[in-house]
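The values are calculated or read from the model by the stated rules, or taken from the named source; none is laboratory data. Quick caveat, the model's predicted, so the values are computed rather than measured. Cβ placement follows ideal geometry from the backbone for every residue including glycine, while neighbour counts extend to all protein chains displayed. The area values use the complete protein model at the heavy-atom level, side chains included, leaving out ligands, DNA and RNA. Shrake-Rupley method; radii C 1.70, N 1.55, O 1.52, S 1.80 Å.
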Amino acid sequence: MKYLTKATFLICCLFALNLTAQTKIIDQETKFPVSYATISFGDGQGLFADDDGMFFFTEKLYPDVDSLFISALGYKDLILPTANLPKTLEMQIEANKLDEVVVTAKIDRKFKKETIKPYLDDDYYKCWLPTIESEIAVFFPNGNEKLKKITSVVFPITLESRDWKKRKRANADKRKFSTLFKVKFYKNDNGSPGNVMTYTNIVFRVTEKNGDEFELDVSEHDLFIPDNGFFVSIQVLGYTDQNGKLLPNKKYKEIKGRNGIVKIPTNFRPLLPFTDEITAHNTFIKRIFISGNNWIQFKKGNSIESSLLKTNLNNYGVGINYNAYKIE
């Protein structure tokens, strides 16, 4: 008779737990998966579904949670109790929001390629530590009357050296990671991010091999810059496996303190460098796992606790490339 080792037994238990904890979110009409839906716990915690609409949740993992708040681009919000959570959840399309998306015809005229360069920095102490509970949005004004189509967005990233003592060396070995990000484009609503410009899920995976920036091609989405400008946002979904499949990531660390267990959000890699070279306050942040959450401008005096603000690092220096069409 063969006996299971302790490690093998533990893996089997976790695998069995995952099988019973899987829940799938689908479109009520098409029955297709609702990819990367947000599952909020109502107290600032939450997780994401993967590209197949799957997520893991059990009362054993989250004993203090009694209800889930589920949201996804283009769908009606869903609120349900965690008791007897079904294996499949259906979400309804929110038609009135989808109607707001303007379909633009292909533009057949000459254009000039324009660039707003990103602000890169490899200083760890000038970086935002990405957490799944936060979303960062950056504003881009529209400088003139020309029609402009966004072709790509350039996100600055900062890598970490394996050896801290060699962190200032360009050829130092970098810590490995594979992280999935979601990107959204928002209309400008009186100086803050408003309605989304597209309901298409836009995600990208970044690893240490991408260097100090990641250029995301968005030309296929036909995103034209509104007259009053737009916002582009980034939020981390979590770590992935080597094939880019989203893993059931730990969203917080539990640390025992004098007053009980304190939950601290997990920081994901890569780091996002902030800059003090932009005079305007173009960066906004929000906590995405709170129902009805609001955007806050990232600046001193807005009740934001951040060491970045103390040194006037007010903005995440995203860059964009776009086609500026000639005026007819």
*By per-residue mean of other Cβ atoms within 10 Å, what is the highest-first order of 228-239, 82-93?*
228-239, 82-93
*For residue 26, distant residues with modelled amide H under 5 Å away*: 34, 89, 90, 91
*Counting only residues 5 or more places away or on other chains, whose amide H sits under 5 Å from the amide H of residue 315 once H atoms are built in the peptide plane?*
275
*Residue by residue through the stretch 115-128, which ³J(HN,Hα) values in whole Hz follow from phi under the Karplus form 6.51 cos²θ - 1.76 cosθ + 1.60 (θ = phi - 60°), with glycine and proline marked x?*
9, 10, 6, x, 9, 9, 7, 10, 7, 4, 6, 10, 10, 7
*State the percentage of accessible surface on the stretch 128-211 attributable to carbon and sulfur atoms; use a 1.4 Å probe and exclude ligands, DNA and RNA.*
43 percent
*Mind ranking 144-153, 127-136 by how tightly packed they are, going by the mean number of other C-beta atoms within 10 angstrom, highest first?*
127-136, 144-153
*Sorted by average packing, counted as other Cβ atoms within 10 angstrom per residue and highest first, what order do 308-319, 209-220 take?*
308-319, 209-220
